[in-house]
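Novice: For reference, the structure I am asking about is given below.
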């Protein structure tokens, strides 16, 4: 492991300007991922986790998005890339797994054609060689009878099989960074765990740096080394999986953990977080979780709380922690 | 694929049968006696009866149908009442003329329709899109016989560049591929191409916009495909629908060009139908409708088979 992180995002702001009011989807996100590390971005819908992830491939439409801050991956400033340079980086250095493989694969091309196409896009190999590599990839993601599956169209495969094919496609050009956008949300519970185990296994084998976006704390625990909890476009707490589970310090993280059905007694009411996330077009000036927080005080409404270091690698943004440190 | 094609061919038979029944009945349920148009007004009852017997109109309808169908099977569509010539020769010459006109028109329409459609779909909401969309709406809604007349006034009467009527020099109705004939084709083909152009452009614009909003386009970009590479995927995704629309348009043009063929005096099926209707030329009318309907059926078959070959999601069962 080197000291230079594989992924280094500093003060990233993403604002969508296409609508009537600008939508502040990501507000000052700073995070880094080491080589061979898995980071889970945890949060509910609209918390900006997918937007953050897509910034790593510079996928946001230029004319409708305002970006600031810096995104450095594998030594390149991604937000400065464009055109050919960007296309060369995508899929080669960093690639992405989508939530719904049926929508993310082209319906009129065979799975094999889509994998070989990616290989030949980035590497000058013959079509026979690309075909052989595609076959090896399908074997690697443990698709049964891979030779036949290369000729299959996406709609001819099951959901789990499709997601395996999607993973094979993402790994086609031996990327160093793998971005997974809710890779198991669209799958059956039994298939979910298989895909997660496969992802973890491949990540270890290939030494990949992974950012995994999920709303499911169970998924994060299963694969991640570290977790970053996002709320309203900000990271409210980061820490190792152990820190987050055993010692959550931000009220939102605590609420997320409490709302799991996991440890709840049957028949007991599930603790849900009251209220709804704020409108990203009109964020409150203070802590964006304050309106839903049972500990909210006057100080919460003034300015967004600073990041407070709780322990090594464990930090959160909450006024109560700032006070605790000051006292 | 081969089995699918054969199966699909088999399905054509009942459709063809239905078409022949409708063709036959259509003419017989229309009011008016076909013979009154050709017989002198003062013809005696015996003369009328003799004529009726000669054309077989005295037998019951089902018998007439069977006799007619039997003859059709061996390629005998009867003789035209008005001209006394074989219907088959009249129809086949008209069909070949119409086929040339509508194929060229569809080709032009398809080319420009695709061009406008792709440009509009790709640059949705831009000025280019608005111009292309306006052109295609215009194409669908402008009365084409009026457009034909305007073109004739501008290019034939004012500028004197192109001939106004006919399919060849000196009213020749036999087509050959030379400049003298092609000169006659240009104006009617352009007039006719406006409809498929509009329809295809609108279809493709909607399709392209829909495809571009799908996640797989994002996924293609995410694996590093260039704009050109993504465009290839978009084209392949639009192809099945675009071809189906083109096939149907060609079918419509084959039979539905009466107005244009009349404006330009193009000796095609529309022209022939027009004449047959006004002269109450029953065998000619039946024959022309039957041939046109069969073309439509075959074209549909072709489109179906092509679409299945292009779109893997359609079951090859």
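All of the numbers you see were taken from the coordinates with simple rules; none came from a lab. Everything numeric here is computed off the predicted structure, so don't read it as measured data. As a convention, Cβ positions derive from the backbone with ideal geometry for all residues, glycine included, and neighbour counts pool all protein chains shown.
Novice: Kirkwood Rh, Cα Rg: Rg to Rh for the stretch B:204-317?
Specialist: Rounded to two decimals, Rg over Rh is 1.20.
Novice: Tell me the volume per residue, in Å³, of the convex hull enclosing the alpha carbons of the stretch A:152-227.
Specialist: 88 Å³
Novice: Okay, moving on. So, in Å, what gap is there between the alpha-carbon centers of the stretch A:122-145 and the stretch B:1-30?
Specialist: Each part's Cα centre sits 48 Å from the other's.
Novice: Using alpha carbons only, how many degrees (0 to 90, rounded to 10) separate the axis of helix A:111-122 from the longest principal axis of chain A?
Specialist: Around 80 degrees separate the two axes.
Novice: Expressed in whole Å with the largest first, what are the equivalent ellipsoid semi-axes of the stretch A:287-327 derived from the C-alpha gyration tensor as the square root of 5 times each eigenvalue?
Specialist: That gives 19, 11, 9 Å for the three semi-axes.
Novice: Let me ask something additional. Using Cβ counts within 10 Å as a stand-in for footprinting exposure, how do A:140, A:21 rank, fewest first?
Specialist: Ordered from fewest to most neighbouring Cβ atoms within 10 Å, A:140, A:21 come out as A:21, A:140.
Novice: How far, in degrees from 0 to 90, does helix A:159-170 lean away from the longest principal axis of the Cα atoms of chain A, to the nearest 10?
Specialist: Value to nearest ten degrees: 80.
Novice: Could you give the angle, 0 to 90 degrees to the nearest 10, between helix B:269-278's Cα long axis and the longest principal axis of the Cα atoms of chain B?
Specialist: 40 degrees
Novice: For chain B, list log₁₀ I(q)/I(0) at each q in 0.10, 0.11 Å⁻¹, using the Debye formula over Cα point scatterers of equal strength and ignoring solvent, two decimals each.
Specialist: -0.72, -0.84
Novice: Further question on the same structure: Nearest 500 deg cm²/dmol is fine: what mean residue ellipticity at 222 nm does chain A get from its DSSP H runs of n ≥ 4 alone, each adding -39,500 (n - 2.57), divided by its residue count?
Specialist: Calculated mean residue ellipticity at 222 nm is -9500 deg cm²/dmol.
Novice: Evaluate the relative contact order of chain A (contact order divided by residue number), counting alpha-carbon pairs under 8 angstrom at least 6 apart; express in whole percent.
Specialist: Computed over chain A, the figure is 20 percent.
Novice: What fraction of the DSSP beta bridges in the protein assembly as shown is antiparallel, stated in percent and rounded to the nearest 5?
Specialist: Here the share of antiparallel DSSP bridges comes out near 60 percent.
Novice: Determine the principal axes of the Cα atoms in the stretch B:82-141, then give the extent along each, sorted from largest to smallest and rounded to whole angstroms.
Specialist: Each principal axis gives a Cα extent; for the stretch B:82-141 these are 59, 19, 9 Å.
Novice: Let me ask something else about it. Mean 1/r over all different Cα pairs, inverted: what Kirkwood radius does the stretch A:111-205 give, in Å?
Specialist: It is 13.6 Å.
Novice: Considering just Cα atoms, how many Å³ per residue does the convex hull of the stretch B:1-119 enclose?
Specialist: Output value, Cα hull per residue: 184 Å³.
Novice: Can you work out D for the protein assembly as shown in µm² s⁻¹ from Stokes-Einstein, where Rh is the Kirkwood radius over C-alpha pairs, the temperature is 20 °C and the viscosity is 1.002 mPa s?
Specialist: Estimated diffusion coefficient is 71 µm²/s.
Novice: Based on other C-beta atoms within 10 Å, arrange A:82, B:156, B:136 from fewest to most.
Specialist: In order of increasing Cβ crowding within 10 Å: A:82, B:156, B:136.
Novice: Hey, another quick one. Could you tell me which of rounded, prolate or oblate describes the stretch A:54-126, using a ≥ b ≥ c as the square roots of the eigenvalues of the alpha-carbon gyration tensor, with rounded for a/c under 1.5 and, failing that, prolate when a/b is larger than b/c and oblate otherwise?
Specialist: Oblate.
Novice: Taking only DSSP H segments of four or more residues, each worth -39500 (n - 2.57), what value at 222 nm results for chain B once the sum is divided by all its residues, to the nearest 500 deg cm²/dmol?
Specialist: Mean residue ellipticity, 222 nm, calculated: -24500 deg cm²/dmol.
Novice: Another question, then. Taking the Cβ of each residue in A:215, A:250, B:233 as the centre, tally the other Cβ atoms inside 10 Å and list the residues starting with the fewest.
Specialist: In order of increasing Cβ crowding within 10 Å: A:215, B:233, A:250.
Novice: Using only Cα atoms, locate the centre of the stretch A:11-26 and the centre of the stretch A:173-249, then give the distance between them in Å, rounded to an integer.
Specialist: Going from one Cα centre to the other spans 25 Å.
Novice: Calculate log10 I(q)/I(0) of the stretch A:184-241 for q = 0.25, 0.27 Å⁻¹, where I(q) comes from the Debye formula with a single equal point scatterer on each Cα and nothing for solvent.
Specialist: -1.10, -1.18
Novice: In µm²/s, what is D for chain A at 10 °C and 1.306 mPa s, where D = kT/(6 pi eta Rh) by Stokes-Einstein and Rh is the Kirkwood radius from Cα pairs?
Specialist: The diffusion coefficient I find is 76 µm²/s.
Novice: Label the stretch B:181-264 by shape, choosing from rounded, prolate and oblate, from the square roots a ≥ b ≥ c of the eigenvalues of the Cα gyration tensor; if a/c is under 1.5 it is rounded, and otherwise prolate applies when a/b is larger than b/c, oblate when it is not.
Specialist: prolate
Novice: Please state the relative contact order of chain B as a whole percent: Cα pairs under 8 Å, 6+ residues apart?
Specialist: 27 percent
Novice: Assuming a ≥ b ≥ c are the square roots of the Cα gyration tensor eigenvalues, decide whether the stretch A:1-86 counts as rounded (a/c under 1.5), prolate (otherwise, with a/b larger than b/c) or oblate.
Specialist: oblate
Novice: Oh, and also: Can you tell me the relative contact order of the stretch A:1-68? Whole percent, Cα pairs under 8 Å, sequence separation 6 or more.
Specialist: 39 percent
Novice: Tell me, what is the Rg over Rh of the stretch A:36-91, with Rh the Kirkwood radius over Cα pairs?
Specialist: Ratio value, two decimals: 0.97.
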